[in-house]
Structures are given as C-alpha cells and as structure tokens.
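*Asks:* Structure below; questions to follow.
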Amino acid sequence: MRLLLLASLAVAAPTFAQSGEPVSAAHLHGNRTLAFTQVEADVSRQQGEAVVNWDAEGFIGGDRQKFWWKSEGEHAASEFETAEFQALYSRNVWTFFDVQAGLRADAKPDGRGYAVIGIQGLAPYLLETELHAFIGFKGDVSLRFKQSFDIRMTNRFVLEPNLETDISFSDVPERMVGKGFSSIETGVQARYEISRKFAPTLALTYESRLGKSARLANAAGEENGGWSVRGGVRFWF
C-alpha cells in the first residue's frame, strides 16, 4: 500500500509543480480541442396528427471555454409549430458547471431574437441541469429550467426522468404566453443503447400550458396539451 501511494504521488508531483495547485480530474485534457454533437428526434400521435419533435445540441472547445449550439422544435400538421436555435459562449466556472451567454433566434411561430445568459452542468446526485434567462429584443423576458438524470437498469437499458418548465415575466398574447409559469413538459424516457452512440427511445410525456397561458390558449380555441407516447432515436458523435 505504501509503495502504491508513493508511486501515485510521484506521478502527480509534476502536475502539482507546474501549476502550484491541485488539478481537478475534470481538467486533464490539456489544450486539446474537443467536439460533441447529440441529436434526439421522436414522433407521436396527438389529436389525430403526427407530431415530430427534435432536440439537438453540441459543442467545440476545451475544458474551460467552449462554443455551444442548440436547436429544438416541433413539426405538426405539415408545418413547423416551433423552431429555435441558440449560439452560446460557455465558460467553466465550477468543477461541474459552466456559465453561458449568447443569442437565441426563433424561426417559428414568429421571428424573434433573444439575448441568453444562464448556467449548465451537473448538480448533486448526477442531475443534468440547465437554467437560462431569455431577454427578448421585443421586450419579453422568460426563464427556462431543465433537469434530467439517468437510471441505468442494465448496462444498456436506461430510464431517464425529465422536467422542463418555462416562466414568463411578460405577457406575449400573440404567442399565447401569459405572465407566470407558462408551460411544463415532464415524463420518463426509456432507451436501449445498441451502441454507446446510438439508442432507440420510447417516452411517456406530459406537456401542457399553465396559468394565464392556458387561459389564452382556451380563448383561442386551442388545446393546452396532455399525455403522449413518443418513439424515436438518440445518437451522438
């Protein structure tokens, strides 16, 4: 045991000597530039129509600084209901969290732009967490909170509970968004990793408008949401 401890210290000593401080295991890639892309798409049947959802993101950069891109949206009834794109500068500030800032552009339901600031990382108990503020160039302001975690049932079969909610600080009646909690999406996704980079998915999801947003939708004769079963695929490279 003593020999093992001495050998470990001997290996670590040059790293301590170079920086003058302990090096976190999260920052051992040196100056390498890394790249990552993950795409998730699924389809469901809602109110007699096929609905396709996508959620994609990726980054390029090192341990401390990255460029992130994100996109999500929904296609139903032969048209895009929502389509959102983000470009973010990401800076690591804690061991498991980055601060992010950048821009968001919505192509649907109408053309809007936002400044974005927030955090993304791994909270205690391995909770993947995102909290971002969107400051609209048309004056609307909102917050979005996302959280999920993996429950590995076997080496390849994974359950992923998830939650996403939006809070609006402004009334945006043309988007049927009211001040307060405006929407929620939650459920559980099952996936089977045929390989680590490719997995079919099956999800039970509850999605709904809330509060004043729900009342605006009802007044416009639209459904607020409900339960759906979604089948899809996730892959990354």
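*Asks:* Considering only residues that are charged (D, E, K, R), closer than 20 Å to TYR206 by Cβ and modelled with pLDDT under 95, which ones fall in region 40-80?
*Replies:* ARG45, GLU49
*Asks:* Which one of the conditions (1) closer than 21 Å to VAL141 by Cβ; (2) open to solvent by 60 Å² or more (accessible area, probe 1.4 Å); (3) more than 18 Å from the chain's Cα centre (by Cα) does ARG112 fail to meet, given that it meets all the rest?
*Replies:* Every listed condition holds for ARG112 apart from (2).
*Asks:* Hey, can you tell me all the residues within region 189-228 that are within 19 Å of the chain's Cα centre (by Cα), of a type in the set (A, V, I, L, M, F, W, C) and open to solvent by 80 Å² or more (accessible area, probe 1.4 Å)?
*Replies:* Listed by number, the residues that qualify are PHE198, LEU202, LEU204.
*Asks:* Here's a follow-up. For region 132-157, give me each residue that is open to solvent by 30 Å² or more (accessible area, probe 1.4 Å) and under 22 Å from GLU74 (Cβ atoms).
*Replies:* The answer is LYS138, LEU143, PHE145, LYS146, GLN147.
*Asks:* Would you check if SER170 is open to solvent by less than 50 Å² (accessible area, probe 1.4 Å) and farther than 21 Å from ASN53 by Cα?
*Replies:* Against the criterion (open to solvent by less than 50 Å² (accessible area, probe 1.4 Å) and farther than 21 Å from ASN53 by Cα), SER170 qualifies.
*Asks:* Could you give me the residue pairs with C-beta distances under 8 Å whose first residue belongs to region 123-137 and is without any contact (Cβ under 8 Å) to a residue 60 or more places away in the chain, whose second residue is open to solvent by 70 Å² or more (accessible area, probe 1.4 Å) and part of a strand (DSSP E or B) wherever it lies, and which are 6+ apart or on separate chains?
*Replies:* HIS132/ILE117; ALA133/ILE117; ILE135/ILE117
*Asks:* Here's another thing I want to ask about it. Looking only at region 153-187, which residues are closer than 22 Å to SER142 by Cα and among the β-branched types (Val, Ile, Thr)?
*Replies:* THR165, ILE167, VAL172, VAL177, ILE184, THR186
*Asks:* Could you list all residues from region 178-204 that are farther than 17 Å from SER44 by Cα and in contact with a Lys or Arg (Cβ under 8 Å, 6 or more places away or on another chain)?
*Replies:* GLY178, LYS179, GLY180, SER182, SER183, TYR192, GLU193, ILE194, PHE198, ALA199
*Asks:* Just to check your reading of the model, which residue among GLU128, GLU160 is open to solvent by 50 Å² or more (accessible area, probe 1.4 Å), at pLDDT 95 or above and of a type in the set (D, E, K, R)?
*Replies:* Going through GLU128, GLU160 in turn, the sole match is GLU128.
*Asks:* Show the residue pairs that are 6+ apart or on different chains and have beta-carbon atoms under 8 Å apart, the first residue being within region 207-229 and touching a residue at least 24 places away in the same chain (Cβ under 8 Å) and within 23 Å of GLN189 (Cβ to Cβ), the second being in a helix (DSSP H, G or I) and hydroxyl-bearing (Ser, Thr, Tyr).
*Replies:* Going by the 8 Å Cβ cut-off, there are no qualifying pairs.
*Asks:* Going by the conditions given, is ALA101 more than 17 Å from the chain's Cα centre (by Cα), closer than 16 Å to ALA87 by Cα, open to solvent by 30 Å² or more (accessible area, probe 1.4 Å) and not polar (S, T, N, Q)?
*Replies:* So ALA101 does not fit the description; no.
*Asks:* Under the condition of being within 16 Å of GLU223 (Cβ to Cβ) and open to solvent by 30 Å² or more (accessible area, probe 1.4 Å), which residue from region 38-49 is farthest from the chain's Cα centre (by Cα)?
*Replies:* GLY48
The values are calculated or read from the model by the stated rules, or taken from the named source; none is laboratory data. Because the structure is a prediction, the values reported are computed rather than measured. With ideal geometry, Cβ positions are generated from the backbone for all residues, glycine too; neighbour counts draw on all protein chains shown. Protein only, heavy atoms only, side chains kept; ligands, DNA and RNA dropped before computing areas. Shrake-Rupley method; radii C 1.70, N 1.55, O 1.52, S 1.80 Å.
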